[in-house]
Amino acid sequence: MNKLRSTFVCVLLALMANVAFAAGVMNLITVNTNDPAGYAAWAKKSAPTLVEANGAMAMGLCSPTSGAQVIGDHYLWSFFESQEKAWSSDPMNPVVRAEVAKLDVERTVRTWDSWRIVRPAAITESGHYYNMYVETDDVAGDVAGLERMIAEMDKRGYGVSMQIFVGDTGTTVGTVMISLGAADAATLGRAMDARTEGWFTNIVSSFAAQRKMVHGFSMTCDTYATAG
């Protein structure tokens with residue numbers, strides 16, 4: 001296990017260890033730019049400094065491959081071990097301001113929101129993801145149904161991870177975001193094919209009536225820095 005992968009496992013274990021006492025948080029900034037390569041280069045270089053300055057656990061960037069709400073959107077994310085850590089972070093502290101000043105790329109910050117991490121998952125240096133926004137009045141029931149779904153997928157060897165978030169701010173407050181991930185696009189595509197199979201539809205039908213699908217999108221993600 002390489003050093004970076006080992007750190008990711010530590011991040012996951014830290015999130016899981018705190019689950020009884022605190023909820024992990026993802027701070028998600030949606031940035032729109034016509035220079036994604038330039039923005040990614042800045043984010044990759046500045047991430048270690050920003051992670052330390054903000055007290056975050058990890059930081060990276062995701063770029064949509066389909067389903068973007070606005071063409072040119074990219075998602076700069078940071079994980080925190082708790083709400084206390086996330087809310088204690090000052091996004092305008094001098095160190096952060098100095099790093100942002102180094103960014104010589106035209107961009108627009110479209111949204112800046114906080115998502116509670118309901119179900120963490122181990123992350124690799126990079127991966128392919130399918131995310132879906134769902135509205136539901138029964139978050140616990142939806143999560144329970146998704147747990148049955150991923151357990152069956154694991155049993156059948158699909159090789160995908162699942163993360164679940166609930167929006168705390170902005171227009172996505174209360175929205176459930178499900179994220180299925182895989183190391184390569186073909187593995188994720190195979191998991192998407194499973195949606196037509198009887199066992200899959202049977203599981204989903206048991207909780208589909210209590211939810212409304214709002215938006216789906218695919219993306220690639222890279223992790224640029226982790227704490228420690």
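Read-outs: derived from the displayed coordinates by stated rules, not from any lab. The structure presented is a predicted model; accordingly, all values stated were derived computationally and were not measured. A quick note on method: Cβ atoms are made from the backbone with ideal geometry, for glycine too, and the neighbour counts reach across all protein chains shown.
Can you find even one residue in segment 56-69 that is without any contact (Cβ under 8 Å) to a residue 12 or more places away in the chain and surrounded by fewer than 16 Cβ atoms within 10 Å (Cβ to Cβ)? Scanning segment 56-69, I find no residue that is without any contact (Cβ under 8 Å) to a residue 12 or more places away in the chain and surrounded by fewer than 16 Cβ atoms within 10 Å (Cβ to Cβ), so the answer is no. Here residue 68 passes the criteria (1) over 18 Å from residue 28 (Cβ atoms); (2) under 18 Å from the mean Cα position of the chain (by Cα) except the one numbered (1). Entry remark, segment 32-49: residues being touching a residue at least 12 places away in the same chain (Cβ under 8 Å), among the hydrophobic types (A, V, I, L, M, F, W, C) and surrounded by fewer than 21 Cβ atoms within 10 Å (Cβ to Cβ) number 2 in total. Screening segment 54-164 for strands (runs of 3 or more DSSP E) wholly inside it with 3 or more residues that are within 17 Å of residue 221 (Cα to Cα) and touching a helix residue (DSSP H, G or I) at 6+ places or on another chain (Cβ under 8 Å) returns the ranges 58-66, 73-80, 126-136.
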